[in-house]
1. Look through 50, 9, 27, 81 and report the one residue that is assigned to a helix (DSSP H, G or I), modelled with pLDDT under 95 and under 12 Å from the mean Cα position of the chain (by Cα).
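The values are calculated or read from the model by the stated rules, or taken from the named source; none is laboratory data. Predicted model, so just to flag it, every value in this text is computed and none were measured. Positions of Cβ are backbone-derived with ideal geometry, glycine not excepted, and every protein chain shown enters the neighbour counts.
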């Protein structure tokens, strides 16, 4: 896995707004591993969920894996954040 730097994160965020699955997935990776950001499973789940909606099977696997580390409230929060994001950028 490559190291995700601040410039890469900014690029992924720009590309995520267009719905690019790879960018959504890469944001999930950043938040799940704490690369360039504070590790945050809720945010990671949100990004992986959005990438999975765009057809990324690897994002589905990561989403399911980190969901095992989360409680029901955290998963619900991540899903809520994904829905809110979709209202803005879909």
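1. Only one candidate qualifies: 9.
Yes or no, residue by residue, for (1) in a helix (DSSP H, G or I); (2) closer than 20 Å to residue 14 by Cβ; (3) modelled with pLDDT of 95 or more; (4) touching a helix residue (DSSP H, G or I) at 6+ places or on another chain (Cβ under 8 Å):
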{"residue": "36", "(1), (2), (3), (4)": "no, yes, no, yes"}
{"residue": "44", "(1), (2), (3), (4)": "yes, yes, yes, yes"}
{"residue": "61", "(1), (2), (3), (4)": "yes, no, yes, no"}
{"residue": "65", "(1), (2), (3), (4)": "yes, no, yes, no"}
{"residue": "69", "(1), (2), (3), (4)": "no, no, yes, yes"}
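Condition check ((1) surrounded by fewer than 16 Cβ atoms within 10 Å (Cβ to Cβ); (2) without any contact (Cβ under 8 Å) to a residue 24 or more places away in the chain) across all residues:
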| residue | (1), (2) |
| --- | --- |
| 25 | no, no |
| 32 | no, no |
| 41 | no, no |
| 58 | yes, no |
| 65 | yes, yes |
| 77 | no, no |
| 83 | yes, yes |
| 86 | yes, no |
